[in-house]
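The values are calculated or read from the model by the stated rules, or taken from the named source; none is laboratory data. Because the structure is a prediction, the values reported are computed rather than measured. Counting neighbours? That spans all protein chains shown, and the Cβs are built from the backbone with ideal geometry, glycine included. Note: accessible area is taken over every heavy atom of the protein model, side chains too, but ligands, DNA and RNA are not part of it. Shrake-Rupley method; radii C 1.70, N 1.55, O 1.52, S 1.80 Å.
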Amino acid sequence: MGGLTVGDIACGRSGDKGTTLDLTVVAADAGAYATLEAHLGAELVAGLLGAPRAVRHEVPGLLALKFVLEGALDAGPWASRRAGMHWQKAAISPVLALTLAEIGAAPA
Amino acid sequence: MSAPVATVGGGAGFAGDRLDPAVALASSGLVQYVTLECLAERTMVHALRQRRRGVAGHDPRLRLRLAPLLGPAAEHGCRIVANLGAADPERAAEEVAALAGELGHGRLRVAAVVGDDLGDRMGDVAWSDAPAEGEWLGAHAYTGSEGIARALREGADIVIAGRVADSALAAGTLRDALADDGDALAGGLVVGHLLECTGQVTGGNYTGPGGRRLTPEQLADLGYPVAHVSGDGSAEIALLPGAQGCVNRETVTLQLLYEVHDPSAYITPDGIIDMTRISVEEVGPDRVRVSGARHRGVPPQLKVSGFVALPGAMVDVEIGFACVDALARAREAAEVLRLRFAALGAADPTLDLVGVDSLLGPASAPLRCDPPEVRVHASVACADEDMARAVEDEFYWLSMAGPAAGGGIRAERRDHVAVVDGRIDRTEVREEIVWVG
């Protein structure tokens, strides 16, 4: 079961405001939420996406976590230097691809 | 739920959004209002440039989007609220009135909501990090839903606004139907936020846990959302009967929290919303009830976006390599480019690697090599035309003087525009209604 990923127990979406990357992870159920709340930390997500810092907000009533990564993006699409200019919507994919083993969660 | 007091459909979520879903919403006879959110920073820059050239500075798809919509809207009494005005709501409204007349719907009353344009009041705005050089194209405040509500109250069938906040489009249609308290308004703003990205709440941009998602056929015909809103601001989000898509706890929660940053304090011009006690319940097939938004006061200042055209351009260039050793040759090409750019004095190039089958097409299959192809992409900020051309030429030279078999070179340029954040006291911004036609 160590091969289970965040994307097997949750779904997610990412977007932006200016140079800030904004990610949402919604757990499949209360058990999955507890696992993610305990193990999917702000520093881990910031490191994964190469952001200088991240703030995490917990919304247990919605089984959701939010990650706000200031300064993670270049100054908007005008200044982006990647081939995938609007990469903010793809930013959630590596988070969902993390295995539960990688985030230190005991296999279900 | 208590009987809905209003029914609103989200018909467009950005300037280039599909045209058909809004027509389906208006033609259903089940929707009182269709909102069209068509404005983004990029759209606004284009509109400001048009206006400076003496051309109407509204959304370039104004006629394209409204031509198929006005007939169904007139037939079913469905009212349309759009921010298609961009930098020029009044001229946009005139254009809409003219279009309505041409199509035989001249009885439709069209109003523009103006007042967000701060282009001649830049000094009243507190700017952060304004660039030292460049040409200011304009500045617009994000306004709330009051102007839209007033235009509808005074009888508008079609309301054309400029830089109103996205959530204000639907909230404006709801204000008069909602109970007169802050939390009900917060609910209306949440409805606006849920509708403003259209297909993102009905199964677009969505993979559920374990990979559940819509098929390409469903996505190609995706229905856009309808909100059945109660007087207390709670709402049920649904599809039109028979429409493709899915609305469930996950699609709604993902959109609810989309780009809100702090869910306990989502700032809109009409109020700071606390989403943390919101309840999202599946109440039927593709039907989700959202309730419990709370209003935490009105922000004293409005957000302003200023647009500055900076000198020079961003140049994007690519060259591709296929099959055996594609990755190695691409990396060698990138190294050649690093050396050449350094000699050229080009600023800080970013080189990245892209690709599957852009070069060889069908000949890529079966994919014998991993990766099957790699395109080297560079974005380089160029101060002037000479530097932009020099950077582009470096790529063309690679086809003769770089690693073997490089091809598929392409080059594009992006204008270099800075979006500057500002704030203005809300009392300084007055929305007004202009009637046309």
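Annotations for the structure displayed:
- Across the stretch B:230-272, the residues whose backbone nitrogen lies under 17 Å from the label position 7 Å along the beta-carbon direction of A:Arg53 are B:261-262.
- As a fraction of the 1.4 Å probe accessible area of the stretch B:309-419, surface on carbon and sulfur atoms comes out at 55 percent.
- Comparing each chain alone with all protein chains together (probe 1.4 Å, DNA, RNA and ligands left out), the residues of the stretch B:223-257 losing at least 30 Å² of accessible area are B:Arg249, B:Thr253, B:Leu254, B:Leu257.
- Over the protein assembly as shown - Rg/Rh using Cα atoms and the Kirkwood inverse-distance radius: 0.98
- Debye intensity ratio in log₁₀ form over the Cα atoms of chain B, taken at each q of 0.11 Å⁻¹: -0.94
- Considering only A:Ala72, A:Ala30, A:Ala46, the mean-square fluctuation computed in a Gaussian network model of chain A, springs between alpha carbons under 10 angstrom, is largest for A:Ala30.
- Looking at the stretch A:1-97, the pairs of alpha carbons with a distance over 24 Å make up 20% of the total.
- Between the amide H of B:Gln244 and those of B:Gly223, distances stay under 5 Å, these residues lying 5 or more places away or on another chain, with hydrogens modeled in the peptide plane.
- Each label was represented as a point 7 Å from its Cα along the Cα-to-Cβ direction; for B:Ala67 and B:Glu217 these points are 3.1 nm apart.
- Spin-label proximity, B:Leu19 to the stretch B:36-61 - amide N less than 19 Å from point 7 Å beyond Cα toward beta carbon: B:36-39, B:58-61
- Ranked by the mean number of other Cβ atoms within 10 Å of their residues, highest first, the peptides B:207-214, B:292-299 come out as B:292-299, B:207-214.
- Between B:Asp352 and A:Ala97, the FRET efficiency from the beta-carbon distance, with R0 = 22 Å, is close to 0.70.
- Note on B:Ala405 and B:Val55: the extension gain reaches 121.4 nm, defined as 0.36 nm multiplied by sequence separation minus the Cα-Cα distance.
- Note on A:63-69: average number of Cβ atoms from other chains within 10 Å of each residue's Cβ is 4.
- Whether the stretch B:249-303 is rounded, prolate or oblate, judged on the alpha carbon gyration tensor where a/c under 1.5 counts as rounded: prolate
- Within 10 Å of the Cβ of each residue in B:309-317, the mean number of Cβ atoms contributed by other protein chains is 2.
- Projected-area mean, the stretch B:309-419, by convex hull of Cα positions, square nanometres: 7.2
- Among A:Leu69, A:Leu36, A:Leu48: highest mean-square fluctuation, GNM of chain A, C-alpha pairs under 10 Å: A:Leu48
- In terms of its C-alpha gyration tensor, the stretch B:19-178 comes out prolate, because a/c is 1.5 or above and the ratio a/b outweighs b/c.
- Counting only protein heavy atoms and a probe of 1.4 Å, the accessible surface of the stretch B:80-151 is 43% carbon and sulfur.
- Qualifying trypsin sites (Lys or Arg not before Pro) for the stretch B:309-383 [loop in DSSP, other Cβ within 10 Å: at most 13]: B:Arg368
- Residues of the stretch B:184-228 falling in the label zone of B:Leu103, defined by backbone nitrogen less than 20 Å from a point 7 Å along Cα to beta-carbon, are B:224-225.
- In this rough spin-label picture, where each label sits 7 Å from Cα along the Cβ direction, the A:His39-B:Arg423 distance is 4.1 nm.
- Distance in nm between pseudo-label sites at B:Arg414 and B:Trp136 (7 Å out along the Cβ direction from Cα): 2.5
- Per residue, in Å², the accessible surface of the protein assembly as shown once ligands and nucleic acids are set aside, probe 1.4 Å: 40
- Max mean-square fluctuation residue, GNM over chain B, Cα-Cα springs under 10 Å, options B:Leu256, B:Leu152, B:Leu103: B:Leu103
- Averaged over A:51-61, number of beta-carbon atoms from partner chains that fall within 10 Å: 3
- Accessible area buried by the pairing of A and B, both sides summed with a 1.4 Å probe, works out to roughly 3200 Å².
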